[in-house]
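Working notes, structure below.
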Amino acid sequence: MEYAKLKISTEEAGRLAQSLFNVQGEIFQLPGEIDFNFRIKVPGGDGYILKVSRVGEDIGYLEYQQKLLQYVAAQESDLISPLVIKDVDGNEISEYKDDFGNQRRIRLLTWIPGRLWSGVNPQLDSLRFSLGEQCGRLAHSLQGFDHPMAQREFEWDVAQALWTKAHLNLFEDDERKILSHFIEAFENNQDSYSKLRKSVVHNDANDNNIIVTEELVEPQVRAFIDYGDAMYTQTINDLAVASAYAVMHHNDPLEAALPMVAGYHKSFPLLEAELEHLYHAIAMRLVISVTKSALNKIKEPDNTYLLVSEKPAWEVLKKWYSIHPDFACFSFRKACGFTSHPKEDTFEQWVKEHTFSLEELFPTVDADDVFPIDLSVSSEWVGHQQEFNDLDFLQFRLEQLQKEHPKKIIAGGYLEPRALYGTSSYDKMGNSGRESRTVHLGVDFWLPANTPVHALFDGEVVTAVNDAGDKEYGGLVILKHQVNSLEFYTLYGHMTVASATKNKVGDTLKKGDCIGFLGNYPENGNWAPHLHFQLMLSLLGYENDFPGVAYYNQLETWKGLCPDPNLLFKIDKLKPAQEQTNNSLIEYRKIHLGKSLSLQYKIPINMVRGAGQYLMDQNGKKYLDTVNNVAHVGHENYDVVKTGQKQMALLNTNSRYLHENINTLAEELLKTLPPELSVMHFVNSGSEANELAIRMVKAATGERDILASEVGYHGNSNMCVDISSYKFDGKGGSGAPEHTHIFPLPDAFRGKYRGKDSGEKYADEILPLIERIASKGRGVGALILESIISCGGQIELPEGFLERAYEHVRKAGGLCIADEVQVGCGRVGKTFWGFQLHNVVPDIVTIGKPLGNGHPLAAVACTQEVAEKFANGMEYFNTFGGNPVSCAIGTEVLRTVKREKLQENALEVGEFLKQKLQKLAQEFPIIGDVRGQGLFLGFELVNEALNPLGDKADYLANRMKDHGILMSTDGPDNNVLKIKPPMVFSMENAEELVLYLDKILTEDFMQLN
């Protein structure tokens, strides 16, 4: 029958509800594959769902659903499920004839309030865990239920999925290849699959059948609806169906499935045999889905609901096809608390009873011990990555280390998180941003090239390849070993080409036979000579390669697949280091560090290494840094680091001795400044710079009264706090001191005056402050102001403001201080200093954070007149200010900015990023304003009434961190996201930042309500 004749209008549904169930309310049509569904909203209650059958629907099938719901309701009081409502005559199923004379059957169920899974964004691990947990609880509550219709023929039952084989002709090329692969594997496993335990299960936990709680942050699955697909089938199919839908729209569907598996197992313990079939059961549900979609296109082309899962199902199938079924099974096992590999315990028991020596592995090496080497992310021995990747230099260092320990083999590396792998070819986009392989799965033995390597036990060659210059191993040999029923493998990487070619797949080697020889670079895969030795309990289908490094989020699975090679040797010095947890670091801070020290993010990060625009945690996870303007020319910039090291090796003393470095730094700075600012003083921090500037003001003017902006911040010393509204007007502050005078934050977006013409109005707010100072018989000392007000929320000074403000201050006899601690050294792009954007020349400029690139260095530039008045006989001396090391570093920073054209980069990338952010603001009204210059930007989150949304800004920053991008909030209401990254921030970085901002701005919590 035509679909149009089957449909039921909302008006007709309303009449049915009233006449049959005496229920009235507002009617809304809902999607459905078989029934026609309608929601009925009633005043003061949750309401109902009216379900109208298609023509000829089996009454027994409908009765089955009603009995099942009643059974669930009777089993567990706190498990929420729809309740059956009887009609006015006491029937659980009513009947009527439609306008075409067709017999239709009607059911009424209680409405379960909440959100559909399909409308929840984001769908995080905690939500998927709760889905698995609720699914398992429902499966548990259905134990013991039976009904003849539960064992009907049903195309959506995974156990009956082989019907899809007859329709492979509907697909072509790669799609047919994928479907054929899964169908064949499922068919081949029927013997063991058919023996799995069975029960009645829901069997249809799809996007529109899952009810989620209303919370926008950390919602939970509340209930399931639509029990029409419930079947007596293999119990594991229930989890497979839920997983097949829940992993859609994720880059890594296996990772997305694991919380569900863990949640299900918590409520309904799974058996190891069931987990062996879960991968293919998930695949077959997807196979059914795409096959049904292909058929439905022919059958009912205008019923779009029937096609809703086709595209995402294909996306998952293609990704699922790339996952080895054994790795999926091992991951499922680990999620349930089993060992990753079924033979893991057997292997460990075997190695406990046997011990092997390094002498057997390297019989020509005269060594009786090992010297452990640390190549982890936080290793001090590794030093700068640029040096480590210099293979000649690395080899020299290893040889020196070997000379220091001549009777030891340099070794280590198992489960070591490393940041040494220069290639990004193994990077992938996971469910939470970019992921890199970092965790080393073998042990490295650093020995001279051509050192022979011998077999520890009998084995068969299963891999012998040379991938030098292409992959990670160079000459690679893998042996398979059989001990009774135990099968395992050993891998030998970074050997010579000849080692790979002399061994043929299928060859057998006896214990003590020579496998091959250690290669030199580049033939060994471009590493200093060493052996990568690894144990594996499965090859996962690899033939010419095998991962030697794992993604950190898969570590628990890989640990079981690749046991510690030191289990063979039992050398204490080779035991993996115990990882210090972040919680232990946090607890120590709470007890022994100042209580006012705060940590960034709800879940803090332990950072151990920096590189350019990235920071890395102890596990090697890279975070794109968008907030650290201290690392001006890039975290651990190699030239800056080397410059500091070289000078530190020569001399570091105070400025009372002659040294050319202080003159050189002064000269480099003066080149960037107006000629009026011709005298330099060097200090250690921005706070010291502003402290010194205020001292200069007092000496030059004889006055103490300072004008400053609302929410301005100028440092953490006493004097700086006294002129920082951000501090004394904030939490713990006690208001402005007697000699500090605060004018309104010159915010043209949400401030006292708004719009482009607000500059002069804000500048004139200084006049009453000057008058008040004069009324007390005092004069103005100075105006101090950041060229873009950072803590105020990245506030760009309105046009005309600074020039007019300087006029007012100078007319009153005061000086003008430009605080460039955060915005200076080329960051604003158009000019080198922020004040230059406004065509003014200050009397004093303070310079801080960027100048030392993380080293404590700052400066004060002033006019000759200010300098002469400051030199009043009281010596200014700073023990570390202007020392040769700091000056060498500062000079290299400035030269790097010029040499690498970082000011130009700030302009180009900054303008590109600002345009992208403005485009986002058009799409997402929550972004009220985008502002800033160069790579000193900010955007403000507000509602329609321009009220600040600090909670949403905090959420956004924390969610961006989850995706590997560091952001931070600022502004008096903490509703501004600030962007001031290292100046090496690239166009690609900007695009990645915008990509994830776009993604997270679509999330439920970020919507304006």
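Once you place label points 7 Å from the Cα toward the Cβ at S378 and K511, how far apart are they in nm?
Each label point lies 7 Å from its Cα, and together they span 4.1 nm.
Taking K559 as the anchor, which aspartates and glutamates have their alpha carbon closer than 14 Å to its alpha carbon, excluding any fewer than eight residues away along the same chain?
E344, D345, E348, E416
Quick one: 3J(HN,Hα) in Hz for the stretch 436-447, Karplus 6.51/-1.76/1.60 with θ = phi - 60°, rounded, Gly and Pro as x.
10, 6, 10, 8, 6, 9, x, 10, 9, 10, 8, 9
Would you mind calculating the relative contact order of the chain from Cα pairs under 8 angstrom and at least 6 residues apart, reporting the percent as a whole number?
Numbers: 2057 pairs, mean separation 81.9, N = 1009.
Reported as a whole number, the value is 8 percent.
Can you list the residues, at least 5 places off or on another chain, whose amide H is less than 5 Å from the amide H of D507, using H built in the peptide plane?
Those lying under 5 Å, H to H, from D507 are V461.
So what's the net charge close to F28: Lys and Arg +1, Asp and Glu -1, counting the other residues with Cβ under 9 Å from its Cβ? Don't skip to the end; give the middle numbers.
Working: positive: R39, K41; negative: E26.
Spelling it out: positives minus negatives among the neighbours equals +1.
Provide the three semi-axes, in whole Å and in decreasing order, of the ellipsoid equivalent to the stretch 755-874 as defined by the square roots of 5 times the Cα gyration tensor eigenvalues. Intermediate values should be presented prior to the final figure.
On the way: eigenvalues 117, 92, 27 Å².
Three semi-axes, in Å: 24, 21, 12.
Setting aside same-chain residues fewer than 8 positions from K731, which lysines have a Cα under 30 Å from its Cα?
Cross-link targets: K590, K595, K602, K698, K752, K761, K776, K849, K952, K961, K978, K980.
Cβ neighbours within 10 Å, averaged per peptide: list 184-197, 99-112 in order, most packed at the top.
Numbers: 184-197: 13.4, 99-112: 17.5.
Sorting 184-197, 99-112 by mean packing, highest first, produces 99-112, 184-197.
Counting just the Cα atoms, what span does the chain cover along each of its three principal axes? Round to the nearest Å and put the largest first.
104, 87, 51
Starting from the Cα-Cα distance between K352 and K756, subtract it from 0.36 nm times their residue separation and give me the gain in nm to one decimal.
137.8 nm
For a quick check: with amide H placed at 1.01 Å from N, whose amide H comes under 5 Å from L745's, ignoring anything fewer than 5 positions away on the same chain?
E710
With the radius of gyration and the Kirkwood radius both derived from the Cα set of the stretch 453-607, what is their ratio Rg to Rh?
Working: Rg = 20.4 Å, Rh = 17.9 Å.
Here Rg/Rh amounts to 1.14.
Hey, got a sec? Which GluC sites (Glu not before Pro) in the stretch 66-154 land in a DSSP loop and have at most 10 other Cβ atoms within 10 Å?
Working: sites: E76, E92, E95, E133, E153; in loops: E76, E92, E153.
Filter output for the stretch 66-154: E153.
Using modelled amide H (1.01 Å from N, peptide plane; none on Pro or chain starts), what sits under 5 Å from the amide H of L116, excluding residues fewer than 5 places away?
V212
Whole-Hz Karplus ³J(HN,Hα) for the stretch 723-737, in order, using 6.51 cos²θ - 1.76 cosθ + 1.60 and θ = phi - 60°, x for Gly and Pro?
Whole-Hz 3J(HN,Hα) from phi for the stretch 723-737: 10, 10, 4, 4, 8, 6, 9, x, 4, x, x, 10, x, 5, x.
Taking the mean number of other Cβ atoms within 10 Å as a proxy for protection, how do you rank 623-630, 880-887 from highest to lowest? If you can, show how the numbers build up before the last one.
Details: 623-630: 22.2, 880-887: 23.8.
Most protected by this proxy first, the peptides run 880-887, 623-630.
Counting other Cβ atoms within 10 Å of each Cβ, which trypsin sites (Lys or Arg not before Pro) in the stretch 747-856 have at most 15 and sit in a DSSP loop? Display every interim value, and only then the final one.
Working: sites: R750, K752, R754, K756, K761, R772, K776, R778, R804, R810, K811, R827, K830; in loops: R750, K752, R754, K776, R778, R827, K830.
Those satisfying the criteria are K752, R754, K776, R778, K830.
Quick one: grab the alpha carbon gyration tensor of the stretch 3-155, order the square roots of its eigenvalues as a ≥ b ≥ c, and give me rounded if a/c is under 1.5, else prolate or oblate depending on whether a/b is larger than b/c.
Working: a/c = 1.64, a/b = 1.34, b/c = 1.23.
In terms of gyration-tensor shape, prolate.
What spacing in nm lies between the two simple spin-label points modelled at D764 and R197, each 7 Å away from Cα in the Cβ direction?
It is 8.2 nm.
Subtract the Cα-Cα distance of N121 and I59 from 0.36 nm times their separation in residues, and report this length gain in nm to one decimal. It would help to have the intermediate numbers written out before the result.
On the way: separation 62, 0.36 × 62 = 22.32 nm, distance 3.81 nm.
Result for the pair: 18.5 nm of gain on full extension.
Can you pull the one-decimal nm distance between simple spin-label points at Q220 and K318, each 7 Å off the Cα toward Cβ?
Using points 7 Å along Cα→Cβ, the separation is 3.8 nm.
Mean Kyte-Doolittle of at least -1.0 and a Cα length of 27 Å or more along the axis: which whole DSSP H helices of the chain meet both? Don't skip to the answer; put the middle values down first.
Working: long enough: 272-299 (41 Å, 0.21); 902-923 (31 Å, -0.64).
Span-like helices in the chain: 272-299, 902-923.
³J(HN,Hα) across the stretch 486-493 via Karplus (A = 6.51, B = -1.76, C = 1.60, θ = phi - 60°), whole Hz, x for Gly/Pro?
Residue by residue, the stretch 486-493 yields 8, 10, 8, 9, 10, 10, 10, x Hz.
The numbers here are math on the coordinates, done by the rules we state, and not lab data. Keep in mind the model is a prediction, meaning the values are calculated, not measured. No Cβ is skipped: glycine too gets one built from the backbone with ideal geometry, and neighbour counts run over all protein chains shown.
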